[in-house]
Amino acid sequence: MRQLIHDVRIFDGSGAASAPGSVLIDGDQIAAILPEGADLTTITSDTRIDGRGNTLMPGMVDAHCHLTWGSSVEHIYHQFILPPEELKTAAWRNARVLLDHGFTSAYSAGALGENIEAALACAIEAGETAGPRLIPSTLERSPEGEQGVETGDVFNGRGPDAMRAFMDHCRDTRVKSVKLVISGEDALKPGSAQDILYSDEEIEAAGEAAKANGLWIAAHTYSTRAIEMAIRAGARILYHCSFADEAAIDLMAAHKADFFYAPGPGVSVAALEATPPPHIDMRAMKASATQRLQLEANLVPELKRRGVRILIGGDYGFPFNPHGRNARDLQHFVDYYGFTPAEALSAATMLGGQLMGQQVGLIRENYLADLLLVDGDPTQDIAILQDPARLTVIMQGGRLHKAPAAQPVSA
């Protein structure tokens with residue numbers, strides 16, 4: 001099937017200025033990008049969509065996604081751990097919510113249940129349910145002896161052999177990315193962000209085993225030591241990194257071609273905005289969020305200046321930070337980190353596509369046709385992406401998840 005989207009301003013994802021033109025889709029791929037003034041009467045297509053001068057851009061990528069963290073703008077859960085069937089229902093719903101809000105791809109930062117994300121990724125790929133292209137993960141791994149961590153199984157055993165066994169298990173459960181919690185978490189356990197939860201030997205073994213099993217590592221890293229360990233182990237993406245010192249910044253810059261970085265401002269801003277009921281104590285979380293944002297206000301621009309690939313994604317899924325608000329990260333990149341709207345958009349598209357390891361995130365010939373038609377110009381007002389009503393077309397692999405409501409697609 002050939003589709004032509006014409007009379008649009010094309011933001012191609014690279015960060016370059018938008019330009020007027022048209023885009024031809026053939027099957028699931030972009031077949032041609034036609035400049036303004038091209039003779040469209042010579043183009044054969046089954047359907048045509050009049051863009052009416054609005055912005056056509058690549059679908060967005062959430063680089064720090066937790067689909068099993070249950071809360072969304074459609075359904076808030078006030079408990080974090082859900083029964084297995086409800087957890088599956090929430091994950092399936094959250095996947096569709098993300099796609100409804102323009103996120104055509106997502107990289108998992110860890111799950112709350114076994115086998116859920118791998119099955120969901122397969123269902124999405126098969127067209128059995130709506131959702132972003134998904135790099136699935138298993139449970140987040142913390143070692144035994146940590147607060148709240150049970151002992152004695154593949155998810156938290158100690159020593160290099162236990163790490164190898166865990167990677168073998170992940171391979172067998174069809175996940176692609178493995179989440180390792182290397183640093184502590186101040187928001188949950190005050191003062192723990194500088195803690196190192198694994199030994200050098202354990203992380204080294206994890207890196208070797210992940211590579212041997214064709215797996216990627218996503219690393220929860222706050223401190224310089226944790227960042228060093230993750231980079232040496234070949235982690236694909238690092239989260240947070242808020243306490244990085246000059247040595248860590250130098251190391252990240254030196255290895256910038258080897259990994260991606262997602263600071264995750266979404267959860268910090270949402271925690272500060274939250275007004276919990278009296279029985280919910282968020283003081284530690286708010287204090288941690290304040291400190292992280294202050295540190296990242298200097299860290300993130302410096303890493304950007306030195307060429308580190310910085311991506312959006314901010315721990316959505318908490319009741320105070322539900323799925324469906326993910327596009328707020330774009331505004332946070334502008335407000336807290338000094339990105340221009342075009343730079344933030346490129347982080348959410350081109351760089352996210354590179355993380356996914358797929359032909360997504362750019363409007364280029366032969367790339368997958370994951371596209372958004374936006375009512376307005378997000379390169380001028382990036383906040384409009386937070387309003388799903390402004391997404392008049394959501395296309396994934398050439399399939400219209402959302403077609404223009406006021407203008408039916410016709411041959």
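The values are calculated or read from the model by the stated rules, or taken from the named source; none is laboratory data. What you are looking at is a predicted structure, and each value in this text was computed from that prediction instead of being measured. Cβ placement follows ideal geometry from the backbone for every residue including glycine, while neighbour counts extend to all protein chains displayed. Quick note on the areas: whole protein, heavy atoms, side chains included, nothing else; ligands and nucleic acids left out. Shrake-Rupley method; radii C 1.70, N 1.55, O 1.52, S 1.80 Å.
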inquiry  = Between L56, L67, L82, which is assigned to a loop (DSSP other than H, G, I, E, B), open to solvent by less than 10 Å² (accessible area, probe 1.4 Å) and within 22 Å of G324 (Cα to Cα)?
reply    = L67
request  = Looking only at the stretch 219-226, decide whether some residue is among the charged types (D, E, K, R), touching a strand residue (DSSP E or B) at 6+ places or on another chain (Cβ under 8 Å) and open to solvent by 50 Å² or more (accessible area, probe 1.4 Å).
outcome  = yes
ask   = Quick check: is even one residue across the stretch 175-197 part of a helix (DSSP H, G or I) and either modelled with pLDDT under 95 or closer than 19 Å to S108 by Cα (or both)?
value = no
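Answer with yes or no whether I312 is assigned to a loop (DSSP other than H, G, I, E, B) and crowded, with 20+ Cβ neighbours inside 10 Å. Full working, then the answer.
Numbers: assigned to a loop (DSSP other than H, G, I, E, B): yes; crowded, with 20+ Cβ neighbours inside 10 Å: yes.
Judged against the criteria, I312 is a match.
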query = Is it the case that some residue within the stretch 119-134 is part of a loop (DSSP other than H, G, I, E, B), within 16 Å of the chain's Cα centre (by Cα) and farther than 30 Å from P276 by Cβ?
reply = no
inquiry  = Just to be sure before I move on: is E302 open to solvent by 40 Å² or more (accessible area, probe 1.4 Å), more than 15 Å from L188 (Cβ to Cβ), not in a loop (DSSP other than H, G, I, E, B) and not hydroxyl-bearing (S, T, Y) in the structure I sent?
reply    = yes
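Residues are listed down the side, and each one gets a yes or a no for (1) acidic (D, E); (2) farther than 24 Å from P319 by Cα; (3) at pLDDT 95 or above; (4) open to solvent by 10 Å² or more (accessible area, probe 1.4 Å):
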| site | (1), (2), (3), (4) |
| --- | --- |
| H75 | no, no, yes, yes |
| D100 | yes, no, yes, yes |
| E117 | yes, no, yes, no |
| L139 | no, no, no, yes |
| V154 | no, yes, no, yes |
key: Pairs with Cβ under 8 Å, 6+ apart, first in the stretch 232-244 and without any contact (Cβ under 8 Å) to a residue 40 or more places away in the chain, second of a type in the set (S, T, Y)   = L238/T221; L238/Y261
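Checking the conditions here, which among A206, A210, A219, A226 is without any contact (Cβ under 8 Å) to a residue 60 or more places away in the chain and either touching a Ser or Thr at 6+ places or on another chain (Cβ under 8 Å) or not small (G, A, S) (or both)? Please lay out each step first, then the result.
Numbers: A206 fails: either touching a Ser or Thr at 6+ places or on another chain (Cβ under 8 Å) or not small (G, A, S) (or both); A210 fails: either touching a Ser or Thr at 6+ places or on another chain (Cβ under 8 Å) or not small (G, A, S) (or both); A219 fails: either touching a Ser or Thr at 6+ places or on another chain (Cβ under 8 Å) or not small (G, A, S) (or both).
Going through A206, A210, A219, A226 in turn, just one is without any contact (Cβ under 8 Å) to a residue 60 or more places away in the chain and either touching a Ser or Thr at 6+ places or on another chain (Cβ under 8 Å) or not small (G, A, S) (or both): A226.
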note = Inside the stretch 315-346, the number of residues satisfying the requirement of being of a type in the set (G, A, S), surrounded by 20 or more Cβ atoms within 10 Å (Cβ to Cβ) and not in a loop (DSSP other than H, G, I, E, B) is 2
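Can you find a residue that is within 20 Å of A212 (Cα to Cα), open to solvent by less than 60 Å² (accessible area, probe 1.4 Å) and either among the hydrophobic types (A, V, I, L, M, F, W, C) or in contact with a Leu (Cβ under 6 Å, 6 or more places away or on another chain) (or both) anywhere in the stretch 188-195?
No, because not a single residue in the stretch 188-195 is within 20 Å of A212 (Cα to Cα), open to solvent by less than 60 Å² (accessible area, probe 1.4 Å) and either among the hydrophobic types (A, V, I, L, M, F, W, C) or in contact with a Leu (Cβ under 6 Å, 6 or more places away or on another chain) (or both).
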